[in-house]
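Here the structure comes first, spelled out in structure tokens, and everything after it is commentary.
The values are calculated or read from the model by the stated rules, or taken from the named source; none is laboratory data. Model, not experiment: these values are computed from the prediction. For neighbour counting, all protein chains shown are included, and Cβ atoms are generated from backbone atoms with ideal geometry for every residue, glycine included.
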Amino acid sequence: MSDSDVELRRLVNALPQYEEQIRYWESQLDAISNVKADIFQAQDTINGMIKSEKSNEMLVPVGHNTSIFATINDMDEYS
């Protein structure tokens, strides 16, 4: 086998590994994008609550996929 054939075989054999790495990094980018979207949504929600002049009723997570309704009457205490 010539050197170019050996190099070609090495590159062809390495291709699946590179494709797997690409899939991994794509999944990591998707996860980061999802977290970023959640953070922006949380910021918008909190900013809206702070600007609100009335009391805010909200669903508050208390653990293990369980939430309760709560009313925040004075946002100045929390901002």
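Residues considered: Asp3, Asp30. Of these, the only one that is within 26 Å of the chain's Cα centre (by Cα) and of a type in the set (Asp, Glu) is Asp30.
Quick check, is Ile39 under 27 Å from the mean Cα position of the chain (by Cα), surrounded by 10 or more Cβ atoms within 10 Å (Cβ to Cβ) and at pLDDT 90 or above?
Values: under 27 Å from the mean Cα position of the chain (by Cα): yes; surrounded by 10 or more Cβ atoms within 10 Å (Cβ to Cβ): yes; at pLDDT 90 or above: yes.
The answer is yes for Ile39.
For (1) part of a helix (DSSP H, G or I); (2) modelled with pLDDT under 85; (3) in contact with a Lys or Arg (Cβ under 7 Å, 6 or more places away or on another chain); (4) among the β-branched types (Val, Ile, Thr), each residue gets a yes or a no:
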residue: Arg23; (1), (2), (3), (4): yes, no, no, no
residue: Gln28; (1), (2), (3), (4): yes, no, no, no
residue: Ser33; (1), (2), (3), (4): yes, no, no, no
residue: Gln43; (1), (2), (3), (4): yes, no, no, no
residue: Asn47; (1), (2), (3), (4): yes, yes, no, no
residue: Ile50; (1), (2), (3), (4): yes, yes, no, yes
residue: Met58; (1), (2), (3), (4): no, yes, no, no
residue: Pro61; (1), (2), (3), (4): no, yes, no, no
residue: Ser67; (1), (2), (3), (4): no, no, no, no
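Checked against (1) surrounded by fewer than 10 Cβ atoms within 10 Å (Cβ to Cβ); (2) not in a loop (DSSP other than H, G, I, E, B), Val6 passes all but a single condition, namely (1). Among the residues of region 69-79, just one is part of a helix (DSSP H, G or I) and not acidic (Asp, Glu), namely Met75.
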